[in-house]
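Every read-out reported here was derived from the displayed coordinates using simple, explicitly stated rules and does not represent laboratory data. What you see is a predicted model; the values in this text were computed from it and never measured. All Cβ positions, glycine included, derive from the backbone under ideal geometry; neighbour counts span all protein chains shown.
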Amino acid sequence: MTRPSSAEPAPAPTPTSPPPGCPAHAGPAAVALSGPEFQTDPHAVHRAMRRDHGPVVPVELPGRIPAWLVIGYREVHRVTSDAELFPRDVSLWNQWPNIPDDWPLLPMVGRPLPSIYFTAGEEHRRHVRMVVPALEGADPFETRGHCEELADRLIDAVCGRGTADLVADFCEPLPVLVLARLVGFPDDEGADIARVLKDLADGGPEAQSAHLRFAGHMAKLVAAKHAEPGNDITSRMLAFPEAFTDEEYMLDLMAITAAGHLTTADWISNSLRLMLTESEFGDSMARGRRSVGEATTEVLWEDTPTQILAGRWAVRDTRLGDHHIKAGDMLLLGLGAANTDPLIRQGAVAVAADASARSGAGAHLAFSHGEYRCPFPAQEIAETIVRTGIEVLLDRLPDLGLAVAAEDLVRRPSAFLRGTTSLPVRFTPVRTSGEPS
């Protein structure tokens, strides 16, 4: 995948004026975090933002809610490295009086809740002490075996017809089916959980009801594992010696599953999109000069699934990127933009100067950074799902090709998550995995 060019940036999304009495953005006009530009060419949007605002951008969320989008690599590092000044403590938010109960981004931003993702300080570390060992207990060989079995099952459903939509038929269901097994769900609940999580991530009118359905699934799972523990993440959490409430178990499981599902699905689909649309990359793979691992790492740098991550909140008035940040202001982490920050591309982090160098570099921000970075065992699980799934797919259907023009592929309508809504392909029909050759 090519890097952003140094050509003149496209116009930024239309600036808007803050609502009366807004505590943020007294200076520059805010940029609305919506519109087709975020789907068609986010790199151009980021270049325009840097041109007009620098590494920290005043932005506006649905309902004219103000926030700051941090798009500079060094600035993201600063925010995520200073948990005292910029904690993930949503109770600090100065916009709560303006947030309606049905605000579409509320499930993503969160409320003050006792979970690993919505707590700060020692309370957050208490949840980490329980969750991380439970994730580490997932045997990597068993996880790979689950991935191979479930990938084969999904491919068997389409392999005889010669056509498929890889997003709907493979990329989205595979991670949730694997994660469902790992946390302790029976396989037949995976499909509904996938629909719930997609509604949640899209942040549309179904987000609130999806959040309630998601909580219902997790509450039922916790009750079932209390009664009959197994070899799964939920049971290991319940066996942890520190005391937690069932609500805390439920919320932590929701955080684990939501964070791991659609982002992993988009990592798969973005990697397959790269292989199918970039002829130079595809040819290199076909000739054995590049690996699946290099393709998936390229995506984490250039087309990362989590473009924007909410959020951090300023404890006190401070300055960041030549902007005055007020106490209680929300800062959104522009992970996708920070990965393509030209200042770090030209500096020390630009050891990632080409795809082959980047494949061994861990300096990208796809998993965030600092205390709230995606736990390492969760990263390992996601990487196993992505690489194993793609390897099985390419082995079973080696002549995959796009069934539509590359320019007709449509991105998900979200400034926060970057994925493809559909990936239609053609291939030579083959037998199912259980049929004799």
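Can you check what the net charge comes to around G321, using other residues whose Cβ is under 15 Å from the Cβ of G321 (Lys, Arg +1; Asp, Glu -1)? Value of the local net charge: 0.
Restriction of the trypsin sites (Lys or Arg not before Pro) in region 130-222 to DSSP coil positions whose beta-carbon has at most 12 other beta-carbons within 10 angstrom yields R161.
Taking the chain as a Gaussian network, Cα atoms linked when under 10 Å apart, which of T40, T340, T296 shows the biggest mean-square fluctuation? Highest fluctuation among the options: T40.
At most 12 other Cβ atoms within 10 Å plus a DSSP loop assignment makes a site exposed; report the longest stretch of the chain without any exposed GluC sites (Glu not before Pro). Value returned for the longest uninterrupted segment is 243-437. Per-residue ellipticity at 222 nm from helix content only, as computed over the chain with -39500 (n - 2.57) for each DSSP H run of at least four residues, stands at -14000 deg cm²/dmol. Rounded if a/c is under 1.5, else prolate if a/b is larger than b/c, else oblate: which is region 181-232, with a ≥ b ≥ c the root eigenvalues of its Cα gyration tensor? Prolate shape, in that a/c is at least 1.5 and a/b is the bigger ratio. Quick one: grab the alpha carbon gyration tensor of region 15-426, order the square roots of its eigenvalues as a ≥ b ≥ c, and give me rounded if a/c is under 1.5, else prolate or oblate depending on whether a/b is larger than b/c. Oblate shape, in that a/c is at least 1.5 and b/c is the bigger or equal ratio. The distance from the alpha carbon centre of region 175-244 to that of region 392-437 is 27 Å, rounded to a whole number. Comparing V404, V128, V392 in a Gaussian network model of the chain where C-alpha atoms under 10 Å apart are linked, the largest mean-square fluctuation is found at V404.
Among V167, V79, V425, the residue with the largest mean-square fluctuation in a Gaussian network model of the chain, with springs joining Cα atoms closer than 10 Å, is V425. Residues of region 239-254 with amide nitrogen under 19 Å from the 7 Å Cα-to-Cβ point of A219? Those under the cut-off are 244-254. Reachable aspartates and glutamates from K198, Cα under 15 Å, same-chain residues fewer than 8 places away excluded? Within reach: D169, E172, E189, E206, D266. When the charge dipole of region 40-92 is built from unit charges on Cβ atoms (+1 for Lys and Arg, -1 for Asp and Glu) and taken about the Cα centre, the candidate among L92, V70, P42 whose Cα reaches farthest toward its positive end is P42. In sequence order, region 166-182 has phi-based couplings of 4, 5, 6, 8, 9, 5, 6, x, 4, x, 6, 5, 5, 4, 4, 4, 5 Hz under the Karplus curve 6.51 cos²θ - 1.76 cosθ + 1.60, θ = phi - 60°, and Gly or Pro positions carry x.
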